[in-house]
Structure formats: structure tokens, C-alpha cells
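Colleague: For reference, the structure I am asking about is given below.
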Amino acid sequence: MQHSILYSVVAFMLLVTELQSYAGAHGIGANYGRQGDNLPTPDKVIQLCKSRNIQRIRIFDPQQDVLQALQGSGIQVIIGTLNIDVPTLANDPAFATTWLQTNIIPFASSVNFRCISVGNEMVPSQNASSILPAMQNLRTALIAANLNIPISTVVFQNVLASPFPPSAGTWHPDAASIMVPLVQYMQANGYPLLYNAYPYFAYRDNPNDIRLDYALMSTSEVIVTDGALGYTNLLDASLDALYWALEKVGAPNVEIVVAETGWPSEGEGHDPATIDNARIYNSNLIKHGQFGTPKRPGKGLEAYIFALFNEDLKPKGSEAHWGLFYPDMSEVYHVDF
Ligand SMILES: *[C@@H]1O[C@H](CO)[C@@H](O)[C@H](O)[C@H]1NC(C)=O
């Protein structure tokens, strides 16, 4: 009797925890890039995020001033390692420990770390084989520090051979030998896969083959049918291609987190980068994100809009105009988070 009461209490507590982590895992945040010489200080940026209900951010590398500003904010953070640090993280367990001691442990009680990302868009590349051992060393060091933070890496669409139709999704031959053991490791440890997904580039480069409303997520019409599944937008189709590729190599439970997506507000010539398109895409992303993809319905999307600010040190053209905000913190266009 006592046992069964204890059992129900424990079961209930597990249920509550699970519901909380489920709720906490979804929602739309933003990338906090800093390639500008006129950006506000991190404490102002974090205040801005809080005032605009931006509850998740991704930072590309560990910067102490940003981590300090995040303390006590409650904002969930994906924190990246520098790509050049990945081989050392892989080869030297002591460096993995030092990396945590510098960037995570001092902040672990006051910053809500969603995930550590080992490198950004490193697959395929010369150093891609370092990602998995770097993740393993960081995992060992995290366990030693009694911390439980998911570890992942950020990949781009080039890891897939044929993203169309989604059910044909398989790993690109140049990426497969890296990706298969990586995603199996993620499956075994319950880690997500971080993915940069840009319908903007697909549309910009193929405007005759792709409908703008399909790229912008602004139609409810099924444009692509793939077996039993119907697609109204390109983002869902590209995520499902990756879910198919994960399933085919025994990693069906790996959750995809969209580390970057977005739409620039200014470009050159016939570039579809306009303020209207950027506002429509990002607003639809927030609205649509709660529904999940046709292959993972009801499983809300976790995604990070690129980016908080227009960054003036990026190349001219659309590159420098991905921001939701100008450096003076006024809106480029309005989006409700
Ligand atoms: C690979 O890692 C080494 C060691 O950190 C670094 O010197 C080199 O530049 C990296 N290569 C690439 C392509 O990033």
C-alpha cells in the first residue's frame, strides 16, 4: 500500500517533470551574432530579449560578457564551441574539462543551458572526424562535474544527398561516414541534432521551381505530396527529409532543433530579401512552429531565428541584413514572439 502510494507520487512527479521538459523544449528563439562594430552591450541585448519574450537564444562561441549578462535571465541558451577548438576538445580530455570549467561550470547554476554545440557546419570538412570524440570528452567532463546538458553539433543541408522528396532523404556520401555514428550517438544519449535550414536560399536560387508562398510558409495548400504526407511549406519538407535520413540509420528518436533559419530584409536586384518577406517568414515560423511537421505532427518546433541584429561587419548585400533589430535596438519589422 505504502509502496503503491510512493509509486504514484513518483510517477506523478516524473510526469510533471516530463511535461515541463516537453513544454520547455519547444518554441522559437533567436541567434545572437556579434559581427557588428555598433551593437548594444550584452546586458542591453538580454533586456531586449526579455522585453520581447525571446526566451531562447543561441550564441556561437563562449563569450564571458554575454554569459554574465545571461545570469538569472531564465533564457535558454545553446552555446557553441569554436570550430578551431574541436580538434583539441577531441584529442585532449583535459582541454574539454578546462573548456567546461571556463565557460559552463561558473554559470551552470545561473544560466539555463539548453545544449552545447560542438562546432558549426563542420560536416563535411577536414576536422569533422573530431566532432564525435569531442562530444564524448565533453560528456565525460560534464558527468564528472555532475552536470546534465545535451551535447550536439550544427549541420547544414549539405549533409543530405537528396532532400526531395522528403522520404528520399539519405546522407550525402561525403557526410555519411561522419553523420551515421554521430546521430547514433545522439540517439543513444537522447541528444538533439542541430540543423541550419534556409528556405530563403532554396527559393532565391530556384525561383522558377519553388513557389514563394511555399518558401514563406504562407499557404495552407498542399504543394508537395510524398506518400501519405502532404507539405504546405519547404521548411517542413526539409526537416522531414532529415527525419527520414535519421530513421534509416537507426536514429528515429533524435529530435531536430533548427539552430538557424530566417529571411534577410534587404538584398540586391531581384533578391527576394525584402522587409515584407522577412516579416512574413519569421511570423509564420512562430505561428506554424507549434504544429510540428507532417512526419512528426504535434511535436512542436524548436527553432532559432537568424538573427537578432543586422551585423555591419558581414559582407554587403543580403548578408548584413538578417536582423530582427537594428543596432540601436529598434525593429527592422515587427514579429511577436
Ligand atoms: C582543423 O583543425 C586544426 C587544428 O585546430 C586547424 O589548425 C585547422 O585550421 C582546422 N581546419 C579547418 C579546415 O578548419
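Colleague: Would you pick out the residues in the stretch 139-170 that are more than 16 Å from the ligand (Cβ to nearest atom), under 17 Å from residue 89 (Cβ atoms) and either among the hydroxyl-bearing types (Ser, Thr, Tyr) or in a helix (DSSP H, G or I) (or both)?
Modeller: Correct list: 139, 140, 141, 142, 143, 144, 152.
Colleague: What residue, among those in the stretch 1-27 that are under 22 Å from the mean Cα position of the chain (by Cα) and either at pLDDT 50 or above or loosely packed, with under 10 Cβ neighbours inside 10 Å (or both), is nearest to residue 336 (Cα to Cα)?
Modeller: Among them, the one singled out is 27.
Colleague: Could you say which residue among 298, 267, 292, 262 is in contact with a helix residue (DSSP H, G or I) (Cβ under 9 Å, 6 or more places away or on another chain), of a type in the set (Gly, Ala, Ser) and farther than 17 Å from residue 200 by Cα?
Modeller: Answer to the selection: 292.
Colleague: Just to be sure I understand the filter: pairs with C-beta atoms under 8 Å, separated by 6 or more residues or on different chains, first member in the stretch 28-43 and within 22 Å of residue 72 (Cβ to Cβ) and modelled with pLDDT of 95 or more, second member surrounded by 16 or more Cβ atoms within 10 Å (Cβ to Cβ) and among the basic types (Lys, Arg). Which pairs pass?
Modeller: Cβ pairs passing all conditions: 29/56; 29/58; 30/56; 30/58; 31/58; 32/58.
Colleague: Could you tell me which residue of the stretch 312-337 is surrounded by the fewest Cβ atoms within 10 Å (Cβ to Cβ), considering only residues that are among the aliphatic types (A, V, I, L, M) and part of a loop (DSSP other than H, G, I, E, B)?
Modeller: Taking the candidates together, the pick is 313.
Colleague: Please verify whether residue 260 is at pLDDT below 95 and either within 15 Å of residue 337 (Cβ to Cβ) or not aromatic (Phe, Trp, Tyr) (or both), treating the condition exactly as stated.
Modeller: no
Colleague: As an exercise: evaluate residue 201 against (1) under 19 Å from the mean Cα position of the chain (by Cα); (2) closer than 27 Å to residue 282 by Cβ; (3) buried (at least 22 other Cβ atoms within 10 Å of the Cβ) and give the number of the one condition it does not meet.
Modeller: Looking at each condition in turn, residue 201 falls short on (3).
Colleague: For residues in the stretch 263-309 being polar (S, T, N, Q), modelled with pLDDT of 95 or more and assigned to a loop (DSSP other than H, G, I, E, B), which is nearest to residue 208 (Cα to Cα)?
Modeller: Ranking the candidates gives 274 first.
Colleague: What is the number of the single condition among (1) outside any helix (DSSP H, G or I); (2) touching a helix residue (DSSP H, G or I) at 6+ places or on another chain (Cβ under 9 Å); (3) surrounded by 22 or more Cβ atoms within 10 Å (Cβ to Cβ) that residue 61 does not meet?
Modeller: The one condition residue 61 does not meet is (3).
The values are calculated or read from the model by the stated rules, or taken from the named source; none is laboratory data. Quick caveat: nothing in here was measured; it's all calculated off a predicted structure. Positions of Cβ are backbone-derived with ideal geometry, glycine not excepted, and every protein chain shown enters the neighbour counts.
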